[in-house]
DNA sequence: TCGATTGTTTGATCGAAATCAAAGACCGCT
DNA sequence: AGCGGTCTTTGATTTCGATCAAACAATCGA
């Protein structure tokens, strides 16, 4: 890492709040790394050798069953933390959905540094609690929502999460963004098949709630109706 | 709290590892409380005024949609921690599935104590990471598994989690236990209806994999086949 | 002990999403 | 610009679990 004080996620990542000299020590432990779309940085079942902060790009966290069925259990954005500090093997894979830039630490070096810096662990705890809330919200979606509700929920979630990052095409417009996931991945995230995803998106489009100028780009026309849809059939 | 050093979850709860004098301070902040079956201790959407350690009993964590659909997003056992420290309102309810005993703290008192005791926060972080892993494992179940696989997975999960607690009828027999959930709750946990739960349990029974001497009691006869079932149709 | 209430099982039918199948759109490459 | 591959959409059919309905079993209080 060259210089943490110049880092674009400096104020949002878990390292925010560290003192300048602590930041220098941490910076020396990390190295910046670019990963290309599709590349996996943590393997399900493998010893989680690294942890990292996401500087740029979007990644998926996924788990699978032996017969190949895959479920995406998390989507990770800039300033988020990835990997499984402490304990055992990683129960999931982490794979880049777009080209991404990471600030990578070996797990052991990070664990050691963290154990000496309660402020860092506190930040990580808060983030983990938020991630747990999000996971549970998604359990509600997977357990109880219809296909239409799921798609509506996804679009709104993507809008806000990308918005927090300033990742929107137009910085001022939450209602326009590029999906970092293809149809198959949306299916794997929502517990639906690719065909159902496609049909539901087409339906939202023909109902006028959204526009889909191309495969990835989404324009939300009627946020209110989409929000209603997200919560009730 | 009378005396933490006598607490039955003393060695497993997040307070383990605190020094004797720290434990005395923490003990004075908490109070022991018995909650009866069905009683809710944290309300979805409400300000999470309390956090607690579970001393005895089993509780559910649940979220719901405005129209009444409910999803159980977690099941909590003795030595587990409940409530949402730091931040905002609780996004979920916590309700006792059996009579339970809690060691309750006001959230503010706990937050303050925790901020001065990194060791405690570290324990809480590890636990939260484990809870997150479990939530994601459940997302895989909800998103990708068939009804039969879900039931098999639940029975094995219950067997191991109750086993960790020494809650089994026969302490040496992981293959026999009482379900703390009724059929409706099993459905709400697995994303199934009560009828499907009943049918799948009946099927496992007639296939000889399990016995169901009464509503709550489960005997696992063929753990291996049940394990295979849990992971593939 | 009985009747009421609640929880569970079983049966019949329905429907949302999966699966199977094929056409169409988009992208990168030469 | 044209070709080959991948991704997406659309259509036809099937299936698993939901829903509707009713019988059955367990629990509780009087």
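The values are calculated or read from the model by the stated rules, or taken from the named source; none is laboratory data. As the structure is a computational prediction, the values presented were derived from the model and not from experiment. Glycine also receives a Cβ, built like all others from the backbone with ideal geometry; neighbour counts cover every protein chain displayed.
Taking the conditions exactly as written (surrounded by 19 or more Cβ atoms within 10 Å (Cβ to Cβ), at the interface with chain B (Cβ under 9 Å from one of its Cβ atoms) and assigned to a helix (DSSP H, G or I)), does residue A:124 satisfy them or not? Full working, then the answer.
Working: surrounded by 19 or more Cβ atoms within 10 Å (Cβ to Cβ): yes; at the interface with chain B (Cβ under 9 Å from one of its Cβ atoms): yes; assigned to a helix (DSSP H, G or I): yes.
In short, yes.
List pairs: first in region A:61-83 and facing chain B (nearest Cβ under 10 Å), second surrounded by fewer than 20 Cβ atoms within 10 Å (Cβ to Cβ) and part of a loop (DSSP other than H, G, I, E, B), Cβ under 6 Å, 6+ apart or cross-chain?
Note: pairs meeting the criteria are A:67/B:232.
Could you list all residues from region A:191-209 that are under 14 Å from residue A:155 (Cα atoms) and more than 11 Å from DNA strand D (Cβ to nearest atom)? First the steps, then the outcome.
From region A:191-209, those under 14 Å from residue A:155 (Cα atoms) are A:197-198, A:200-205, A:209; that's our starting set.
A:209 - this is the single residue of region A:191-209 that is under 14 Å from residue A:155 (Cα atoms) and more than 11 Å from DNA strand D (Cβ to nearest atom).
Could you tell me whether region A:153-161 includes any residue that is within 16 Å of DNA strand C (Cβ to nearest atom), touching a helix residue (DSSP H, G or I) at 6+ places or on another chain (Cβ under 9 Å), over 30 Å from residue B:120 (Cα atoms) and facing chain B (nearest Cβ under 10 Å)?
no
Residue A:232 - would you say it is within 16 Å of DNA strand D (Cβ to nearest atom) and at pLDDT below 95? Break it down stepwise before answering.
Values: within 16 Å of DNA strand D (Cβ to nearest atom): yes; at pLDDT below 95: yes.
Spelling it out, residue A:232 is indeed within 16 Å of DNA strand D (Cβ to nearest atom) and at pLDDT below 95.
Each row is one residue, and each column tells you yes or no for (1) away from DNA strand C (no atom under 12 Å from the Cβ); (2) at pLDDT 95 or above; (3) under 25 Å from residue A:143 (Cβ atoms); (4) more than 14 Å from chain B (Cβ to nearest Cβ).
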{"position": "A:183", "(1), (2), (3), (4)": "no, yes, yes, yes"}
{"position": "A:187", "(1), (2), (3), (4)": "no, yes, yes, no"}
{"position": "A:201", "(1), (2), (3), (4)": "yes, yes, yes, yes"}
{"position": "A:209", "(1), (2), (3), (4)": "yes, yes, yes, yes"}
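Examine region B:35-46 for a residue that is within 14 Å of chain A (Cβ to nearest Cβ) and without any contact (Cβ under 8 Å) to a residue 40 or more places away in the chain, and state whether such a residue exists. Explain how you work it out, then say what you get.
Here is the first cut: in region B:35-46, the ones within 14 Å of chain A (Cβ to nearest Cβ) are B:42, B:44-45.
From the residues that got through so far, the ones that are without any contact (Cβ under 8 Å) to a residue 40 or more places away in the chain too are none.
Checked against the condition, which is being within 14 Å of chain A (Cβ to nearest Cβ) and without any contact (Cβ under 8 Å) to a residue 40 or more places away in the chain, region B:35-46 yields no hits at all.
Do we find that residue A:97 is more than 7 Å from chain B (Cβ to nearest Cβ), surrounded by 17 or more Cβ atoms within 10 Å (Cβ to Cβ) and closer than 15 Å to residue A:165 by Cβ in this structure? Full working, then the answer.
Working: more than 7 Å from chain B (Cβ to nearest Cβ): yes; surrounded by 17 or more Cβ atoms within 10 Å (Cβ to Cβ): yes; closer than 15 Å to residue A:165 by Cβ: yes.
It is true that residue A:97 is more than 7 Å from chain B (Cβ to nearest Cβ), surrounded by 17 or more Cβ atoms within 10 Å (Cβ to Cβ) and closer than 15 Å to residue A:165 by Cβ.
What tally of residues in region A:130-172 results from selecting those that are modelled with pLDDT of 95 or more, under 27 Å from residue A:14 (Cα atoms) and either within 16 Å of DNA strand D (Cβ to nearest atom) or not in a helix (DSSP H, G or I) (or both)?
4
Within region B:100-119, work out how many residues are more than 10 Å from every other protein chain (Cβ to nearest Cβ) and either in contact with a helix residue (DSSP H, G or I) (Cβ under 7 Å, 6 or more places away or on another chain) or in contact (Cβ under 8 Å) with a residue 12 or more places away in the chain (or both). Give the steps one after another, and end with the answer.
Keep residues of region B:100-119 that are more than 10 Å from every other protein chain (Cβ to nearest Cβ), which gives B:100-113.
Now restrict to residues that are either in contact with a helix residue (DSSP H, G or I) (Cβ under 7 Å, 6 or more places away or on another chain) or in contact (Cβ under 8 Å) with a residue 12 or more places away in the chain (or both): B:100-107, B:109-111, B:113.
Total satisfying the criteria: 12.
Restrict the check to region A:70-77 and report whether at least one residue is over 23 Å from residue B:126 (Cα atoms) and either at pLDDT 95 or above or surrounded by fewer than 21 Cβ atoms within 10 Å (Cβ to Cβ) (or both).
Pass one, region A:70-77, residues over 23 Å from residue B:126 (Cα atoms): A:70-71.
Retained after the next criterion (residues that are either at pLDDT 95 or above or surrounded by fewer than 21 Cβ atoms within 10 Å (Cβ to Cβ) (or both)): A:70-71.
There is at least one residue in region A:70-77 that is over 23 Å from residue B:126 (Cα atoms) and either at pLDDT 95 or above or surrounded by fewer than 21 Cβ atoms within 10 Å (Cβ to Cβ) (or both).
Would you mind stating whether residue A:213 is within 12 Å of DNA strand D (Cβ to nearest atom), more than 14 Å from chain B (Cβ to nearest Cβ), in a loop (DSSP other than H, G, I, E, B) and free of Cβ contacts under 8 Å to residues at least 12 places away in the same chain? Step through it out loud before you land on a result.
Values: within 12 Å of DNA strand D (Cβ to nearest atom): yes; more than 14 Å from chain B (Cβ to nearest Cβ): yes; in a loop (DSSP other than H, G, I, E, B): yes; free of Cβ contacts under 8 Å to residues at least 12 places away in the same chain: yes.
The answer is yes for residue A:213.
Just give me the residues in region A:135-148 being within 10 Å of chain B (Cβ to nearest Cβ) and more than 18 Å from residue B:188 (Cα to Cα), in sequence order.
Within region A:135-148, none qualify.
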